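Heads up, the thing below is written out as structure tokens.
The numbers here are math on the coordinates, done by the rules we state, and not lab data. Just so it is clear, the model here is predicted, and its values are computed rather than measured. Cβ: placed from backbone, ideal geometry, glycine included. Neighbour counts: every protein chain shown.
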Amino acid sequence: MPAKTIVDASVPNAGRVYDYLLGGHHNFEIDRQAGDRVKALMPTLPKLMRLFRWCLQDIAHELTTVRGYDAIVDFASGLPTADHLHTNAAPDTTLIYSDRDPVCVEYGREILGLTPNIHYFQADCRYPKQFLGRPEIQALLKGKRVAYVYWGISMYLSNDDIRVIANELYEVCDPDATLAFYIQPGDDSSSTAADVVETYRRMGETLYFHDQPEFAELIKPWVADSLGYRTMEAWHGVNSPISTEDAVFFPGGTTGIGVYLVKGK
Ligand SMILES: C[S@@+](CC[C@H](N)C(=O)[O-])C[C@H]1O[C@@H](n2cnc3c(N)ncnc32)[C@H](O)[C@@H]1O
């Protein structure tokens with residue numbers, strides 16, 4: 001199979017579809033068509049995605065300005081458009097974005113241009129130890145207090161993937177590291193949810209759902225810090241943007257759950 005490039009406009013790309021749903025301009029007609037299909041199934045989705053990005057900005061502020069980390073490694077970043085972590089991190093924070101999708105990496109580098117201290121690498125977030133061990137990453141993080149982010153990616157991770165991520169990061173992270181994680185509860189028992197899952201399957205993506213108690217087991221020995229597990233509404237301090245008809249996709253009407261994880265004893 002030929003390597004994917006940003007000029008391949010013949011198949012929809014999950015990163016570009018995400019950009020389209022966020023109202024961005026880094027997408028092609030084929031992505032807009034796929035995005036419109038998802039939007040037709042779940043009209044509230046663009047609002048929700050914007051909420052997730054606002055929460056990312058909260059994370060950037062919390063980790064750098066409040067908790068004093070001077071570097072963030074973000075896994076499965078998608079496109080670093082104007083509402084991503086770097087726009088709300090403290091000045092001079094070293095920010096390492098990554099994604100396994102070469103389209104996102106190539107486009108991401110183009111979007112970021114020569115922004116100082118901000119980098120974009122290709123990496124599979126299921127193997128963080130391998131990524132963090134690369135000489136170029138070690139050089140960028142040398143002497144820094146580093147925090148880690150997995151946001152908007154749990155749907156792409158199986159239970160085994162989460163276990164591996166938890167253990168590998170636990171092994172390589174400093175004792176005072178913080179790991180921000182978003183999890184998407186849900187299931188595909190409703191026809192709407194099944195249609196969304198099928199739309200992503202056609203883009204080559206299998207979607208997984210995780211509930212909070214299950215995730216808390218999988219992510220051990222990391223534990224939630226004193227802020228605990230919070231819905232996106234609570235995280236950002238807003239009312240739920242989910243419409244009644246879309247609530248079927250979100251059990252209990254929740255938009256997903258975020259948590260700051262720290263190393264347990
Ligand atoms: C829904 S977007 C999330 C983007 C961003 N983190 C956010 O919250 O806005 C999911 C991204 O995860 C990437 N992705 C999926 N599986 C991955 C993997 N195993 N390793 C790295 N990136 C992955 C996709 O390419 C896509 O860009």
Subject >> Quarter of Cα convex hull surface for region 53-104, i.e. mean projection, nm² >> reply: 3.3 nm²
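Report, in deg cm²/dmol and to the nearest 500, the calculated mean residue ellipticity at 222 nm for the chain, where each DSSP H run with n ≥ 4 adds -39500 (n - 2.57) and the sum is divided by the residue count. Walk me through the numbers before you get to the answer.
Numbers: 10 runs with 99 residues, N = 265.
Mean residue ellipticity at 222 nm (helix-derived): -11000 deg cm²/dmol.
So how much slack lies between Thr115 and Asp36, counting 0.36 nm per residue of separation and subtracting their Cα-Cα distance, in nm? Display every interim value, and only then the final one.
Details: separation 79, 0.36 × 79 = 28.44 nm, distance 3.22 nm.
Length gained between Thr115 and Asp36: 25.2 nm.
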Original post:
So for the pair Glu29, Arg202, with labels modelled 7 Å out along Cα→Cβ, what separation do we get in nm?
Top reply: 1.7 nm
**OP:** Could you work out how far apart the two model spin labels at Ala139 and Gln122 are, taking each label as a point 7 Å from the Cα in the direction of the beta carbon, and quote it in nm?
**Re:** 1.9 nm
Original post:
What order, most packed first, do the peptides 161-170, 202-211, 67-76, 37-46 have when packing is the mean number of other Cβ atoms within 10 Å of each residue?
Top reply: 67-76, 161-170, 37-46, 202-211
**OP:** Restricting to the chain, compute how many DSSP beta bridges are antiparallel as a %, nearest 5.
**Re:** 40 percent
Original post:
What are the principal axis extents of the Cα atoms in region 1-150, in Å, biggest first?
Top reply: 46, 36, 28
Subject >> Spatially close lysines, pair count over region 44-263: Cα under 29 Å, gap of eight or more or interchain >> reply: 9
Original post:
Given the Cα-Cα distance of His61 and Ala82 and 0.36 nm per residue of separation, how much length would full extension add, in nm?
Top reply: 6.0 nm
Subject >> Approximate spin-label separation Val11-Gln130, in nm, with each point projected 7 Å along Cα-to-Cβ >> reply: 2.0 nm
**OP:** Take the Cα atoms of the chain, find their three principal axes, and give me the spread along each one in whole Å, biggest first.
**Re:** 48, 41, 33
